[in-house]
Structure formats: structure tokens, C-alpha cells
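One structure is given below, encoded as C-alpha cells.
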Amino acid sequence: MRLEYILILTFLIGVLAGLRSMTAPAVTAWAAHFRWLSLQTPLSWMGSLPVAILFTLAALAELVADKLPKTPSRTAPVGVVARILTGSLSGAAVYYAGSNQGYWLGAMLGAAGGVAGCFGGYQARTRLVKALGTPDYVVAVVEDVVAIGGSLFVASRF
């Protein structure tokens, strides 16, 4: 696989973590568990069944919590930090699986993608709600589908 393609996929998994912070690591963990992604130490723990289940439960909780009216904005400091961390983790895994050249570049690209997805996703969602005149949860569900489908797409490329 060409390095340019791996770099794009690495950034993209970070962007998807920016949309839904726990979806990208959950899909990445399952991909490692099913050996779609080949991860070595120090990220080999992501492929364990308990970790995949834990990330999946967190992702499901996030999908529900995102639709609640009192949920803080993803652009609040805690939300941004979560997206940087999960984008970094997912990016490191995707980059290593594709390149076998270490983790750090993947972690940095994933973190940058997390920030881009966080703020870009917020802008896209708020603008779509206004432009379409639909309730926020309708656009949020579409965003869920993009985050899940996009993460599966990235993870299945290896």
C-alpha cells in the first residue's frame, strides 16, 4: 500500500474520532481483534476482546448521550481533549498497521484529524440543522452513520 494512502487513512480515522470520540477506537479495536489490523507492542492490547467490548460500550453510550439536550458541546475542552486522544490512538494503530514504521507520525496525524473532525463536524452539523430546518437529532444520526461507516471503511482497507 502506498504511503500517501496510509497517511490519508490515518488522518481520516482521526477526523472520524473527531465526529464521535469512541467510535473510531471501538472499530479500530475490533479490527485489531479480527486481525484486519496487525498491531504489535505497545498497541497490541487494542486487539484484546475486553478492550474491544469496553470501547464498544463507550461508543454506544456516546451515541445515546449525543442526542440528549444537556450533553456538553464537543468543542468544550473535555470533548476536544477526548477527540485528540482517541484520534491519536486510532491514528497510531492505523498508521502502524499500514506502514510498520512506528506509531508517532500516526498519532500526530490522528490527533490533527481529531481536531479537524471536532470543529469541522460541529460546524457542519449546526449549519445543516439551520439549512435543512430539521431537529438536531436527525443530523446527529446521519453523523453517527458517517462516523461508523467511515471507521469501518478505514479499518477494512488493510
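The values are calculated or read from the model by the stated rules, or taken from the named source; none is laboratory data. The structure displayed is predicted, hence computed values, not measured ones. Here the Cβ is made from the backbone with ideal geometry for all residues, glycine too, and neighbour counts use every protein chain on show.
Report yes if some residue within region 120-138 is under 12 Å from L12 (Cα atoms) and touching a Ser or Thr at 6+ places or on another chain (Cβ under 7 Å); otherwise report no. Within region 120-138 (the criterion being under 12 Å from L12 (Cα atoms) and touching a Ser or Thr at 6+ places or on another chain (Cβ under 7 Å)), the answer is no, since none of the residues qualifies. One residue alone among A59, A29, A82 is under 26 Å from Y137 (Cβ atoms), buried (at least 17 other Cβ atoms within 10 Å of the Cβ) and touching a Gly at 6+ places or on another chain (Cβ under 9 Å), and that residue is A82. Every condition in (1) among the hydroxyl-bearing types (S, T, Y); (2) modelled with pLDDT under 95; (3) not in a loop (DSSP other than H, G, I, E, B) is met by Y5 except one, and the failing one is (2). Residues that are touching a helix residue (DSSP H, G or I) at 6+ places or on another chain (Cβ under 9 Å), of a type outside the set (F, W, Y) and loosely packed, with under 14 Cβ neighbours inside 10 Å within region 43-56 comprise S44, S48, L49, listed in sequence order. Taken over region 13-42, the criterion of being under 21 Å from F158 (Cα atoms), in contact with a helix residue (DSSP H, G or I) (Cβ under 8 Å, 6 or more places away or on another chain) and of a type in the set (S, T, N, Q) is satisfied by T23, T28, S38, Q40. Within region 1-21, the set of residues being of a type in the set (A, V, I, L, M) and more than 17 Å from the chain's Cα centre (by Cα) comprises M1, L3. Restricting the first member to region 32-60 and to residues that are among the aliphatic types (A, V, I, L, M), and the second to residues that are in a loop (DSSP other than H, G, I, E, B) and at pLDDT 95 or above, the beta-carbon pairs closer than 6 Å and six or more apart or on different chains are A58/M22; A59/M22.
Per the listing V94, V138, the residue uniquely of a type in the set (V, I, T), assigned to a helix (DSSP H, G or I) and within 16 Å of the chain's Cα centre (by Cα) is V94.
Restricting region 138-158 to residues that are of a type outside the set (A, V, I, L, M, F, W, C) and surrounded by 14 or more Cβ atoms within 10 Å (Cβ to Cβ) leaves a set whose member that is farthest from W36 (Cα to Cα) is E143. Name the residues in region 6-22 that are touching a residue at least 24 places away in the same chain (Cβ under 8 Å) and either more than 18 Å from E143 (Cα to Cα) or aromatic (F, W, Y) (or both), would you? Matches in region 6-22: I6, L7, L9, T10, F11. Looking at the structure I just gave you, is V94 modelled with pLDDT of 95 or more and buried (at least 24 other Cβ atoms within 10 Å of the Cβ)? Against the criterion (modelled with pLDDT of 95 or more and buried (at least 24 other Cβ atoms within 10 Å of the Cβ)), V94 qualifies.
Considering region 23-60, and only residues there that are of a type in the set (S, T, N, Q) and assigned to a loop (DSSP other than H, G, I, E, B), the residue that is farthest from V145 (Cα to Cα) turns out to be T41. Considering only residues that are among the small types (G, A, S) and more than 16 Å from the chain's Cα centre (by Cα), look in region 22-46 and name the one that is modelled with the highest pLDDT. Of everything passing the filter in region 22-46, S44 is modelled with the highest pLDDT.
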